[in-house]
Amino acid sequence: MRKLIRIYVVFLLTTISINAVGQTTGSLLPGGAGNWKLSWADEFDYPDAQLDANWYSVNGAQSWILCSRWRENAVVSDGTLKLVNKKESRGGQDWTSGSIWTKTKFQYGYFECRYKYAAATGTNNSFWIMTTGTTPTVGKKFEIDINEGHYPAEMATNLHNWTDVTTDPATGKSTHPSWSKSFSFSTAKPDITIQFETPVTTKRIRFSSTYGAHFHIQEFRIYNVNAAGYPSALSPTADTDVAGLVNFVRDPLTKITSSGVYGVGYETQNVADGGLVKHWVSQVSGEKWLEFEFASAKTIGYLQFVNGWLSSGTWNAVITNYKVQYHNGTDWVEMATYDASLTGMNLGKEFHTYGLQWSKDSLIYYFDGKPLRKMKNDFCLSPAPVYLSEAIIPWAGEVTDAIDGTQLEVDSVRIYERLATSVQAKKTVSADVQVRGNNLVITSEINLKLELFTLNGSLLTVKSIPSGSYSMTVRQGIYMVRLSSNTAVTTRKIAINTDQ
């Protein structure tokens, strides 16, 4: 999808400007475009058949999801890639969708994809990296889910270790080390549900909020992994609505503690009374929290709670932030967070950019240029392909006929290499740079390397220019110019042939 940019006159050092979430100008690259070199990109501005030049496609059924996936469901048209969901019987499943992965493998750098979700619950809209084949000689088999997005406004980040898989001899079930954290960008609401792609086994769960006043929790439920599904959070009979449910909060041996109570009648134990009439109401100031400690380790598949209080059809005092954590025996680990400063978005209506900065030391997850999560990289140390996948799954919300015809739509995928030496670490190149009509004129006493970028960091051209005066014709627009020698570098923004 090609974008139109209003042109203005400017000649400055590299800058980044991030306005409201989803509204960005300049580069989204960490530290600015001057620190990165575009190494691979797909803008999907070609006929559909050309997709196969750079991507493989799944063609067949996949038992762990509710759809089979096929090349026909991956469609390139009008400058974007669409992974289309269809209600049709194929491959022994009732739905079809699409999933592709790059023929090239990559290791380290900045990975970004600009896309919007399929606009229906029950869809998994994914941009991810995973090793293929046998265990690599360095590190382990891994899966980095940069985003497993769920409509309307959830971003889910995951890291999986696929080498250290263990199987319980009693049940035959396999597990592997994984680390998940989700981010909600929806508006504040009373009913909160969190379903885990990878179940968590723990003895302790902690909920906390820094909401500025006292607030109500009507009921807090922590459920087992249940194949039959889970109830509505707002149901007063939730624990008996679906067969097979076990609410660990209501186990008589579960210890429930809190940060405090607002007053008599609002006791902590009200969060586990099985109804929505009595509430726990927190103290007025400070961090508010609930902690649940089980008598033995429990495997958790789903968590939900109801907050606020209802009056004349209106919910009041709905919290604007929260954090849910589990204890791994040593530390508290975040599973889900919510912050109202990032709310009100519909990720199935708007394009957003999801990114990962991957180095041998760390993994940093980004949303529209803003870092959301940083992890130590202990085992993602080998090249791997990049995946774009759409799937229909029950843990992404209710699966209904509304999914039919929806699509994950991808505008671009870009992969950058970090320059060996950052702009900040080098001296500044001494050169005279001028714009004369449609010509960029550079005068220097030494030979230089010239790189021309779009504002979002896409490399347009690379030239070796001799000492003296050098001129090149550039189309109207705003660009980033990087000039470098063996010992110095500078990056500047230029405007070509504007009327301002």
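Values computed for the structure shown
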| read-out | value |
| --- | --- |
| Some residue of the stretch 356-365 being surrounded by fewer than 18 Cβ atoms within 10 Å (Cβ to Cβ), closer than 16 Å to Ser208 by Cβ and not basic (Lys, Arg) | no |
| In the stretch 293-321, residue farthest from the chain's Cα centre (by Cα) [restricted to those that are farther than 22 Å from Ala238 by Cα and modelled with pLDDT of 95 or more] | Ala295 |
| Strands (runs of 3 or more DSSP E) enclosed by the stretch 357-476 - at least 2 residues per element that are in contact (Cβ under 8 Å) with a residue 60 or more places away in the chain and under 21 Å from Thr104 (Cβ atoms) | 386-392, 407-418 |
| Test set (1) of a type in the set (A, V, I, L, M); (2) assigned by TED's automatic domain parsing to the domain that holds Glu291; (3) without any contact (Cβ under 8 Å) to a residue 40 or more places away in the chain - Ala170 fails condition number | (2) |
| Lys173 of a type in the set (Lys, Arg) and touching a Phe, Trp or Tyr at 6+ places or on another chain (Cβ under 9 Å) | no |
| Residues satisfying the stated conditions in the stretch 444-490, i.e. of a type in the set (Lys, Arg) and within 14 Å of Ala431 (Cβ to Cβ) | Lys449, Lys463, Arg482 |
| Failed item, numbered, when Gln218 is tested on (1) assigned by TED's automatic domain parsing to the domain that holds Trp280; (2) touching a Lys or Arg at 6+ places or on another chain (Cβ under 7 Å) | (2) |
| Tally of residues being among the small types (Gly, Ala, Ser), under 22 Å from Trp40 (Cβ atoms) and modelled with pLDDT of 95 or more across the stretch 112-148 | 2 |
| Residues of the stretch 75-95 classified as closer than 19 Å to Asp42 by Cβ and either assigned to a strand (DSSP E or B) or in contact with a helix residue (DSSP H, G or I) (Cβ under 6 Å, 6 or more places away or on another chain) (or both), total | 8 |
| Filter result (surrounded by fewer than 16 Cβ atoms within 10 Å (Cβ to Cβ), at pLDDT 85 or above, over 22 Å from Asp368 (Cα atoms) and touching a strand residue (DSSP E or B) at 6+ places or on another chain (Cβ under 8 Å)) within the stretch 379-431 | Pro383, Asp401, Asp404, Gly405 |
| Filter result (of a type in the set (Val, Ile, Thr), part of a loop (DSSP other than H, G, I, E, B) and closer than 27 Å to Leu159 by Cβ) within the stretch 307-356 | Thr330, Thr343 |
| Residues within the stretch 441-494 that are in contact with a Gly (Cβ under 8 Å, 6 or more places away or on another chain) and more than 23 Å from Leu419 (Cβ to Cβ), tallied | 1 |
| The stretch 257-310, residues that are among the β-branched types (Val, Ile, Thr), surrounded by 20 or more Cβ atoms within 10 Å (Cβ to Cβ) and more than 16 Å from Val200 (Cα to Cα) | Val271, Val281, Val306 |
| Residue match in the stretch 147-155 (condition: in contact with a Cys (Cβ under 7 Å, 6 or more places away or on another chain) and closer than 29 Å to Met345 by Cβ) | no |
| Answer residue from the stretch 75-110, given it is of a type outside the set (Phe, Trp, Tyr) and on the phi > 0 side of the Ramachandran plot and is surrounded by the fewest Cβ atoms within 10 Å (Cβ to Cβ) among those | Gly92 |
| Qualifying position, being among the polar types (S, T, N, Q) and crowded, with 19+ Cβ neighbours inside 10 Å, among Thr210, Thr202 | Thr202 |
| Residue match in the stretch 278-294 (condition: among the acidic types (Asp, Glu), closer than 25 Å to Thr198 by Cα and touching a Ser or Thr at 6+ places or on another chain (Cβ under 6 Å)) | yes |
| The stretch 57-74: number of residues that are part of a strand (DSSP E or B) and buried (at least 16 other Cβ atoms within 10 Å of the Cβ) | 5 |
| Extreme residue, surrounded by the most Cβ atoms within 10 Å (Cβ to Cβ), among residues of the stretch 473-488 that are under 17 Å from Ile446 (Cα atoms) and small (Gly, Ala, Ser) | Ser484 |
| Residue satisfying all of: in the stretch 166-192; among the β-branched types (Val, Ile, Thr) and out of contact with any strand residue (DSSP E or B) (no Cβ under 9 Å at 6 or more places or on another chain); surrounded by the fewest Cβ atoms within 10 Å (Cβ to Cβ) among these | Thr171 |
| Out of Pro252, Pro199, sole residue that is within 22 Å of Glu293 (Cβ to Cβ), without any contact (Cβ under 8 Å) to a residue 12 or more places away in the chain and either in contact with a strand residue (DSSP E or B) (Cβ under 7 Å, 6 or more places away or on another chain) or not β-branched (Val, Ile, Thr) (or both) | Pro252 |
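Yes or no, residue by residue, for (1) under 34 Å from the mean Cα position of the chain (by Cα); (2) of a type outside the set (D, E, K, R); (3) assigned to a loop (DSSP other than H, G, I, E, B):
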residue	(1), (2), (3)
Gly244	yes, yes, yes
Val249	yes, yes, no
Ile256	yes, yes, no
Gly260	no, yes, yes
Gly263	no, yes, yes
Gly286	yes, yes, yes
Glu291	yes, no, no
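The values are calculated or read from the model by the stated rules, or taken from the named source; none is laboratory data. Since this is a predicted model, take the numbers as computed values, not measurements. Using ideal geometry, Cβ is built from the backbone for each residue, glycine included, and neighbour counts are taken over all protein chains shown.
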